[in-house]
Amino acid sequence: MEKMELKLRNFGLRNGINEIIGITFGKWTNTAPLGIIVEDEEGINAKVRLYSNHTRDNIKEKKELWVNVIHDPVIFAICSFDDLDESYFESLNPPIIRGSLSWCRMKAEIKGAYAEVELIDGGVLRKEAKAVNRGFNAIVEALVYGTRLMEYKNMALKEKVDYYLKLAEKCGGEREKRAVEIIKERISELVD
Ligand SMILES: Cc1cc2nc3c(=O)[nH]c(=O)nc-3n(C[C@H](O)[C@H](O)[C@H](O)COP(=O)(O)O)c2cc1C
């Protein structure tokens, strides 16, 4: 694994909001999509807004967040509703989900609505040429609204989810189509 100078952009975290899989340890290994907010990609500090969830609880307890940068829509879909078991990982220490491009270890501290995070270690596993796929982007959008729908039971959000799922079906490949199935299954539990 290539060792890089310790700064956020070397691990794929750029200025703006970076959608990644956050891994935390508690009673179990918790995996959830999170948006890491970066204001200085040349530095090591960032933050993430945390709602009331297991990620927040684990960070409060362990003061640590692991980040995986990954482009697999199925992983985003599963982690939005469940946690990945060990079979999804190519390494458990550091925790690396199969297919991840990079990983980071972050020191993390809850400060009000946010966790302030500081990069302390990381590695780059793969550098892949990859075009933008609207289907993948649509899966991310469907999941943002889908997780809010599950949390707040606001059925108006379902229209947004349906819109993005249609787009993902049109523009995505097999992994996006599998992600669509996972999301539809979860949403139908709520609607039925
Ligand atoms: C793309 C994406 C980004 C998300 N970003 C955040 C975030 O920054 N903070 C947060 O608390 N939840 C975020 N969520 C929602 C959580 O991933 C979701 O509520 C998850 O179920 C929380 O899991 P946990 O209870 O296992 O921590 C995001 C969801 C998606 C799909």
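Return the residue satisfying two criteria in turn: it lies in segment 72-104 and is within 13 Å of the chain's Cα centre (by Cα) and surrounded by fewer than 16 Cβ atoms within 10 Å (Cβ to Cβ), and of such residues it is nearest to Glu141 (Cα to Cα).
Selected residue: Asp82.
Would you check which residues across segment 7-43 are surrounded by fewer than 17 Cβ atoms within 10 Å (Cβ to Cβ) and among the hydrophobic types (A, V, I, L, M, F, W, C) and list them?
Answer for segment 7-43, where residues must be surrounded by fewer than 17 Cβ atoms within 10 Å (Cβ to Cβ) and among the hydrophobic types (A, V, I, L, M, F, W, C): Ile17, Phe25, Trp28, Ile37.
Using the structure shown, decide if Ala156 is more than 17 Å from the chain's Cα centre (by Cα), under 25 Å from Glu181 (Cβ atoms) and surrounded by fewer than 18 Cβ atoms within 10 Å (Cβ to Cβ).
Judged against the criteria, Ala156 is a match.
Each row is one residue, and each column tells you yes or no for (1) among the charged types (D, E, K, R); (2) under 30 Å from Gly135 (Cβ atoms).
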site: Lys7; (1), (2): yes, no
site: Asn10; (1), (2): no, yes
site: Arg14; (1), (2): yes, yes
site: Thr24; (1), (2): no, yes
site: Thr29; (1), (2): no, yes
site: Glu42; (1), (2): yes, no
site: Glu61; (1), (2): yes, no
site: Phe81; (1), (2): no, yes
site: Leu84; (1), (2): no, yes
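Going through segment 140-156 one residue at a time, which ones are assigned to a helix (DSSP H, G or I) and closer than 14 Å to Arg186 by Cα?
Those that are assigned to a helix (DSSP H, G or I) and closer than 14 Å to Arg186 by Cα: Ala142, Leu143, Val144, Tyr145, Gly146, Thr147, Arg148, Leu149, Met150, Glu151.
Among all residue pairs at least 6 apart or on different chains, which show Cβ distances below 7 Å where the first residue, located in segment 8-25, is assigned by TED's automatic domain parsing to the domain that holds Asn93 and touching a residue at least 40 places away in the same chain (Cβ under 8 Å) and the second is hydroxyl-bearing (Ser, Thr, Tyr) and surrounded by 24 or more Cβ atoms within 10 Å (Cβ to Cβ)?
Ile21/Thr31; Ile23/Thr31
So, in segment 124-169, how many residues would count as being under 25 Å from Leu13 (Cβ atoms), small (Gly, Ala, Ser) and free of Cβ contacts under 8 Å to residues at least 12 places away in the same chain?
Count: 2.
Please enumerate the residues belonging to segment 80-99 that are closer than 25 Å to Tyr145 by Cβ and in contact (Cβ under 8 Å) with a residue 60 or more places away in the chain.
Ser80, Phe81, Ile97
Could you tell me which numbered condition Glu141 fails, if it satisfies all but one of (1) farther than 15 Å from Asn18 by Cα; (2) in the same structural domain as Arg186 (by TED's automatic domain parsing); (3) surrounded by fewer than 22 Cβ atoms within 10 Å (Cβ to Cβ)?
With (1) farther than 15 Å from Asn18 by Cα; (2) in the same structural domain as Arg186 (by TED's automatic domain parsing); (3) surrounded by fewer than 22 Cβ atoms within 10 Å (Cβ to Cβ) applied to Glu141, the lone miss is (1).
Tally time: how many residues in segment 7-42 are closer than 19 Å to Val124 by Cβ and of a type in the set (Phe, Trp, Tyr)?
Residues that pass the stated criteria total 1.
The values are calculated or read from the model by the stated rules, or taken from the named source; none is laboratory data. Predicted model, so just to flag it, every value in this text is computed and none were measured. We place every Cβ from the backbone using ideal geometry, glycine too, and count neighbours over all the protein chains shown.
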